[in-house]
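Here's a structure for you.
The values are calculated or read from the model by the stated rules, or taken from the named source; none is laboratory data. Just so it is clear, the model here is predicted, and its values are computed rather than measured. Cβ atoms come from the backbone with ideal geometry, glycine included; neighbour counts cover every protein chain shown.
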Amino acid sequence: MSLVRALRSLFRGISRLLTALVLIIAAVGIICRVSGSAREKWPADQAAPKTGRFVSAGDVKLFVQEAGPAKGTPILLVHGTGAWSEIWRETMTAVAHAGFRAIAIDVPPFGYSGKPAGPPEYSPAKQAKRIAAALDALGLRKVVFVGHSVGARPTVETALLAPERVERLVLVDPALGFGAEGSTAFQQNDPSLVVTAFFAVREVRNAALSVVATNPLTTRALFKTFVSNAAAVTDARVSMLQQPLVVENMTNAQGDWLQYLMESKDDSRVSDFKNFAKLTMPVMLIWGNTDTVTPLWQGRQLQKLIPHAQLSVMDNVGHIPYIENAKGFNDTLVQYLQTRQ
C-alpha cells in the first residue's frame, strides 16, 4: 500500500506541476496579448517612415521605398517572413549607386502595407495580383524581381502570372515548399489535429503569436534562428524589425498569414513545380551554403527545374545573405544585373 500511495502522490505532484505550467503559459500569453493590443494602436499611414510612400495595389495600399535614378532599370525587392522593405536598405543603396532604380515593398501583412482579413487573402495568387497592381500604380511595365525566402512565392507567382513584366528573376534562398531532401515537388499541407485546433481558436492563435512573433522582446532571438552569422543581428537591425510592430491589427493579420501558410491547401501556380519550366526569363539563384531553413540541396534541385537558371553559392552564409554578408551579396547581385543577357 505504501508503494501505491507513493505513486499516487507522485502522479498528483506531476499533475499539479503540469497544471501550473499550463497556467503560467496561459498567463504569459494573456499578458503579451494585452500588451500587444496596447502597442498595436497606430494607423499605418501615421506610423510609416517618411522615407517611403503608399501606392494602390488593388485591395490594399502597399508601402514602398525607393532609391536611385528614376529612369534606371527598376529592381523590385521582395522581403521574407517577419521583415519589411527597410531590411533591403544596404542592397538598395548598392543597386542605386550602380545606376539602377531600387524599389523595396512591404508584402502584406508585414511592415506598413495593408492587412486584408482572413487566411485566404494571403495566397500567392492574391499577393501576386497586388504586386502587379503596384507595378501599374508605379508606372512600371517591366522590372527585375528579387525575391527572398517566403517572399519568393508571390515573386515567382507574379513571374508565372505576368512573365512579360519580368526582365530577370533573382531568387535568394527561396522557400518554395520543397518536401523531404531530394524532393522535386511542392509539399502540400497536411495539418495535424493539434495544428488544426491551434488555428481554430483565433484568440489562442493570436496570444501565441503575441508571445513569439510580434513581441519586441523576442525579435532578436527569432531573427537569430534564420542566420549563420549571429553578428549580423545587430542592435540597429533588431530595432528596424521592431518598428512596424506598433501598427494596428499586426498580430491578427500575421496570424491569418501564418494560418494560410501552415494549414491551407494551395493551388497557386507556384505550388505546381512543373510550372517552373515556364520561367524562360533569365534566372539567378543566390544561396547561402550554411542555410538550415532552405538547405542548399533545394537550390540545386531548383536549378534543374528552371531552364538556364544560374546558381551562385555564398560561403559561410545562412538564410539571409544580404545582411549576413551584405557586400558579397550586393557585389554578386550588381555584377549579375550589369551582365548582358
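Mind checking which pairs have a first residue in region 316-332 that is of a type outside the set (V, I, T) and a second that is surrounded by fewer than 20 Cβ atoms within 10 Å (Cβ to Cβ), Cβ under 6 Å, 6 or more apart or different chains?
Short answer, once both residue conditions are applied: G318/S228; G318/T290; H319/V293; E324/N229; A326/E90.
Among (1) closer than 26 Å to D272 by Cβ; (2) of a type in the set (A, V, I, L, M); (3) part of a loop (DSSP other than H, G, I, E, B), which single condition is A70 missing?
Answer for A70: the failing condition is (1).
Limited to region 56-83, what total is found for residues that are in contact with a helix residue (DSSP H, G or I) (Cβ under 6 Å, 6 or more places away or on another chain) and surrounded by fewer than 19 Cβ atoms within 10 Å (Cβ to Cβ)?
2
For region 241-253, give me each residue that is surrounded by fewer than 20 Cβ atoms within 10 Å (Cβ to Cβ) and either free of Cβ contacts under 8 Å to residues at least 24 places away in the same chain or of a type in the set (S, T, N, Q) (or both).
Answer for region 241-253, where residues must be surrounded by fewer than 20 Cβ atoms within 10 Å (Cβ to Cβ) and either free of Cβ contacts under 8 Å to residues at least 24 places away in the same chain or of a type in the set (S, T, N, Q) (or both): Q242, Q243, N249.
Hey, could you check region 254-313 for residues that are touching a helix residue (DSSP H, G or I) at 6+ places or on another chain (Cβ under 9 Å) and of a type in the set (G, A, S) and say which is surrounded by the fewest Cβ atoms within 10 Å (Cβ to Cβ)?
Checked region 254-313; the qualifying residue surrounded by the fewest Cβ atoms within 10 Å (Cβ to Cβ) is A277.
Right, something else. Quick check on my filter: what residues within region 213-223 are loosely packed, with under 14 Cβ neighbours inside 10 Å and of a type outside the set (G, A, S)?
Restricting attention to region 213-223, the residues satisfying the condition of being loosely packed, with under 14 Cβ neighbours inside 10 Å are 217, 221.
Result: L217, single match.
If you don't mind, there's one more thing I want to ask. Which of the residues spanning region 175-194 are in contact with a strand residue (DSSP E or B) (Cβ under 8 Å, 6 or more places away or on another chain) and without any contact (Cβ under 8 Å) to a residue 60 or more places away in the chain?
G179, Q187
Of the conditions (1) more than 26 Å from Q243 (Cα to Cα); (2) out of contact with any strand residue (DSSP E or B) (no Cβ under 8 Å at 6 or more places or on another chain); (3) crowded, with 18+ Cβ neighbours inside 10 Å, V150 clears all except one; give me its number.
(1)
Kindly list, by first and then second residue, each pair from a residue in region 211-240 that is assigned to a loop (DSSP other than H, G, I, E, B) to a residue that is acidic (D, E) and surrounded by 19 or more Cβ atoms within 10 Å (Cβ to Cβ), limited to pairs with Cβ atoms under 8 Å and residues at least 6 apart or on different chains.
Listed pairs, sorted by first residue: T214/E40; V227/E324; S228/D291; S228/E324; N229/E324.
Here's a follow-up. K61 is checked against (1) farther than 21 Å from Y122 by Cα; (2) outside any loop (DSSP other than H, G, I, E, B); (3) modelled with pLDDT of 95 or more and fails just one. What number does that condition carry?
(1)
Using the structure shown, decide if A162 is over 22 Å from H319 (Cα atoms), touching a residue at least 40 places away in the same chain (Cβ under 8 Å) and among the hydrophobic types (A, V, I, L, M, F, W, C).
no
Do we find that L77 is more than 22 Å from L245 (Cα to Cα), touching a strand residue (DSSP E or B) at 6+ places or on another chain (Cβ under 9 Å) and not in a helix (DSSP H, G or I) in this structure? Let's see the steps before the verdict.
Details: more than 22 Å from L245 (Cα to Cα): no; touching a strand residue (DSSP E or B) at 6+ places or on another chain (Cβ under 9 Å): yes; not in a helix (DSSP H, G or I): yes.
It is false that L77 is more than 22 Å from L245 (Cα to Cα), touching a strand residue (DSSP E or B) at 6+ places or on another chain (Cβ under 9 Å) and not in a helix (DSSP H, G or I).
Looking only at region 298-311, how many residues end up being over 20 Å from the mean Cα position of the chain (by Cα) and assigned to a helix (DSSP H, G or I)?
Here the count works out to 5.
Select from region 162-202 the residues that are of a type in the set (D, E, K, R), touching a helix residue (DSSP H, G or I) at 6+ places or on another chain (Cβ under 8 Å) and either surrounded by fewer than 13 Cβ atoms within 10 Å (Cβ to Cβ) or part of a loop (DSSP other than H, G, I, E, B) (or both) and list them in ascending order. Full working, then the answer.
Residues of region 162-202 that are of a type in the set (D, E, K, R), as a first pass: 164-165, 167-168, 173, 181, 190, 202.
Cutting the leftovers down to touching a helix residue (DSSP H, G or I) at 6+ places or on another chain (Cβ under 8 Å) gives us 165, 168, 173, 181, 202.
Matches in region 162-202: D173, E181, R202.
If you go through region 312-327 one residue at a time, do you hit one that is over 21 Å from Q187 (Cβ atoms), in a loop (DSSP other than H, G, I, E, B) and of a type in the set (K, R)? Give the derivation first.
From region 312-327, those over 21 Å from Q187 (Cβ atoms) are 312-318, 320-327; that's our starting set.
Within this subset, residues satisfying the condition of being in a loop (DSSP other than H, G, I, E, B) are 315-318, 320, 325.
Of the ones still in play, those that are also of a type in the set (K, R) are none.
So far as region 312-327 goes, no, none of its residues is over 21 Å from Q187 (Cβ atoms), in a loop (DSSP other than H, G, I, E, B) and of a type in the set (K, R).
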